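Below you'll find the structure, written out as C-alpha cells, and then a few comments.
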Ligand SMILES: [Ca+2]
Ligand SMILES: [Ca+2]
C-alpha cells in the first residue's frame, strides 16, 4: 500500500513527524522548503563536496514524479524531478536565493564522458532511492547504448551506485558497482520500497531483443548492488508501462496550511 509522509520543517535535524491519519504516512514540509543550514554544512556545500547535515526527509508528490529530500546534505531541501518516471531525472538543488539544475546525464564524471565521447546513441538513466537505508538518497546510474532496430547492443560503460549524500555534480560520498545481468540498453530505471523497510529496491528495464524488455530487480549488498535473476517479459506492454519509479513508497509530502505555518507547535494529532 502506498503511504503518505508528512514533512515537519522545524529547522532542526530532528526526524520527521508522523501523522496518525489512518495508515497513511505524511511528511509536512514547512515554508520555503528550507531547513536551517548548519555552519559546517553551508561551508561544505559551497564546493563540490556534499554537506554534512544529518538526513532529513524523503518524500514524494502524489503522482510520484517529484522526490523531495536534502540530496546534498546542505540543510536545504532539493527536488528530483522525473516527469516520465523512467530515470531521465533532473535534480533541482536549492540555494539561498536561487536554484541550480543538474540532469542525470550531466552527472557522469569527466573520465566517463571522455570515454564515450565518440560513441553514438548513448543514453543515461538513473534511479534515486535510499538503497542502503542510511537516510541519504543514493543514485544508481547507467549509461548504455540504445538499440539499433530490434538488435540489442551490449555496451554499458557506466553501471554504478553513488551513495549519498551526493554533491551538486551528482558525485557520491562513495561509489559502488552494480552487478548487471546484461549490458544491453537500459530503457528505464526506478526505485521503490514496496516492503517499507527503508531500503529501496532498484528496478531496471533492459532491451532483450525483438522489442522485448527484461526487468531486473536489485538490492544493496555490502557496498555495491546486485541485480537479481528476477525477470519479467514485458513484450508488448512497453517498459515504461510496467516499470515505474514508485517514489510514493517513500511517503507523500504534505505542505502545511497557512495556519500551521504560523504555529510553531505541532498539530495536536502529531505523534513523534
Ligand atoms: Ca540540499
Ligand atoms: Ca543511502
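The values are calculated or read from the model by the stated rules, or taken from the named source; none is laboratory data. Quantities reported herein were computed from a predicted structural model and do not represent experimental measurements. Methodologically, a virtual Cβ is constructed for each residue, glycine included, from the backbone with ideal geometry; neighbour enumeration extends over all protein chains shown.
Here are the numbers for this structure:
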{"item": "Only listed residue being in a strand (DSSP E or B) and either within 16 Å of ligand 2 (Cβ to nearest atom) or at pLDDT 95 or above (or both), chosen from 27, 68", "result": "68"}
{"item": "Listing of strands (runs of 3 or more DSSP E) fully contained in region 74-165 that carry 1 or more residues being within 16 Å of ligand 2 (Cβ to nearest atom)", "result": "78-81, 90-94, 122-129, 138-145, 158-163"}
{"item": "Residue check for residue 164: within 16 Å of ligand 1 (Cβ to nearest atom), surrounded by fewer than 19 Cβ atoms within 10 Å (Cβ to Cβ), under 27 Å from residue 54 (Cα atoms) and modelled with pLDDT of 95 or more", "result": "no"}
{"item": "In region 168-199, residue nearest to residue 56 (Cα to Cα) [restricted to those that are without any contact (Cβ under 8 Å) to a residue 40 or more places away in the chain and not in a strand (DSSP E or B)]", "result": "172"}
{"item": "Search result, residues across region 166-176 that are within 16 Å of ligand 2 (Cβ to nearest atom) and in contact with a strand residue (DSSP E or B) (Cβ under 8 Å, 6 or more places away or on another chain)", "result": "166, 170, 171, 172, 173, 174, 175, 176"}
{"item": "Meets criteria (surrounded by fewer than 19 Cβ atoms within 10 Å (Cβ to Cβ), farther than 21 Å from residue 65 by Cα and touching a strand residue (DSSP E or B) at 6+ places or on another chain (Cβ under 6 Å)) for residue 115", "result": "no"}
{"item": "Considering residues of region 203-217 that are crowded, with 24+ Cβ neighbours inside 10 Å and either modelled with pLDDT of 95 or more or more than 13 Å from the chain's Cα centre (by Cα) (or both) only, the residue nearest to residue 151 (Cα to Cα)", "result": "207"}
